[in-house]
Amino acid sequence: MRKFDVVTVGSALKDVTFYSDQISVLKNSHDLTKQKLLAAEYGAKIEVDQVFVSYGGGALNVGLGLKNLGLVVAPLVSLGKDWNGQEIHSFMKQHGLKTDLIQVDKHHGTGFSFVLTAAKDHEHTIFTYKGASNAQHFPRLHAVKTDWYYVAALSMPDWAIQFAEIIRQVDRTWKKPHEIKIMWNPGEKQLRDYKKMLRFFPKIEVLMVNKDEAIELVLNVFGRRVDRRKVNEPRYLLDALHQTNLKNIIITAGKQGVYGMDEAGHYHYLRSQAKKIRNTVGAGDAFGSGFLAAFHQTSDFNKGLHWGIKNSAAVLSQVGAQAGLLHGQIK
């Protein structure tokens with residue numbers, strides 16, 4: 001098996017995106033972890049303005065973003081033995097992603113997502129069926145040669161057991177010339193199992209979450225010790241997460257930009273560079289691929305944030321999670 005720069009771990013799905021001007025975004029002051037809600041008239045038949053069909057999933061989106069920026073990438077994903085799975089497999093080959101680590105599940109269909117988008121401000125909610133991704137497993141990872149694992153949301157019930165397989169491979173390379181590192185962008189299932197997450201934190205090189213996820217994680221971990229007057233402040237969240245043995249922390253905050261704390265404890269902030277927003281799906285994945293491409297090549301945390309912001313802004317200007325991804329070196 002050849003060596004990869006990055007193995008992306010997570011899902012590969014077929015995406016169907018709907019736009020409607022009958023969908024509204026509401027502010028929700030009753031729950032800090034759900035500060036915005038999409039709303040539609042109950043019982044109504046909603047007319048769809050536009051429909052786009054594409055491919056997505058964290059492992060696929062980030063994998064393609066990294067490949068476009070010059071890295072050798074192999075997504076570790078599980079596909080069903082069906083037409084959608086064959087389409088995604090062909091898409092990966094056509095776009096230069098390595099298919100060595102694809103798993104084919106004979107018992108579950110390939111996952112798919114319906115992305116409901118408000119036409120007025122392009123905010124979205126995703127309804128997702130993970131399918132074969134729910135049965136994903138990581139056997140014989142000791143045979144995989146890579147510099148990085150980028151781990152996106154994991155949907156299988158035993159995600160922590162599977163994640164431990166990645167940690168074991170990282171441990172085998174500790175303090176060796178080609179030490180393997182992990183960048184983690186956890187999903188809803190991981191955030192619910194935050195106690196399991198915590199035991200992995202000392203082995204994580206970079207943790208990336210959005211602001212709502214950071215608030216949820218801090219509230220769960222620190223409970224009554226949280227200062228609720230400050231829990232909406234990114235610096236407070238970074239300081240709290242830094243206490244959990246994390247090295248590098250990134251909090252994405254949509255239109256506000258991105259906040260970070262590097263291994264030395266220095267704060268970082270970059271404004272969003274998005275000028276024209278047509279779509280918000282995949283913006284976080286685009287940021288993650290831009291950041292890791294730069295961080296892998298330069299070990300410069302701030303440059304990683306810069307590349308991430310640029311890549312994210314490019315995706316926000318197009319429809320689909322991959323349509324605007326940048327190519328080559330980002331300036």
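What follows draws every value from the coordinates through simple rules; no lab data is involved. What you are looking at is a predicted structure, and each value in this text was computed from that prediction instead of being measured. FYI the Cβ positions are ideal-geometry reconstructions off the backbone, even for glycines, and counts take in every protein chain you see.
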Segment 63-147 shape via C-alpha gyration tensor axes, a/c threshold 1.5: oblate
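Against the empirical 2.2 N^0.38 Å scaling, what ratio does the C-alpha Rg of segment 200-270 come to?
Normalised Rg, Cα atoms only: 1.01.
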Spin-label model distance (nm) - residue 179 vs residue 103, 7 Å beyond Cα toward Cβ: 2.8 nm
For segment 227-238, 3J(HN,Hα) per residue [Karplus equation, 6.51 cos²θ - 1.76 cosθ + 1.60, θ = phi - 60°, Hz, x = Gly/Pro]: 7, 5, 6, 10, 5, 8, 8, x, 5, 4, 5, 4
Tensor-based shape of segment 43-192 (alpha-carbon gyration tensor, a/c under 1.5 rounded, otherwise prolate or oblate): prolate
Most to least packed among 187-194, 71-78 [average Cβ atoms within 10 Å]: 71-78, 187-194
The chain: calculated mean residue ellipticity at 222 nm from DSSP helix runs of at least 4, using -39500 (n - 2.57): -9500 deg cm²/dmol
Global form of the chain, assessed from the alpha-carbon gyration tensor, a/c cut-off 1.5: rounded
Protection proxy ranking, peptides 53-60, 208-215, 250-257, 88-95, average beta carbon neighbours within 10 Å, highest first: 53-60, 208-215, 250-257, 88-95
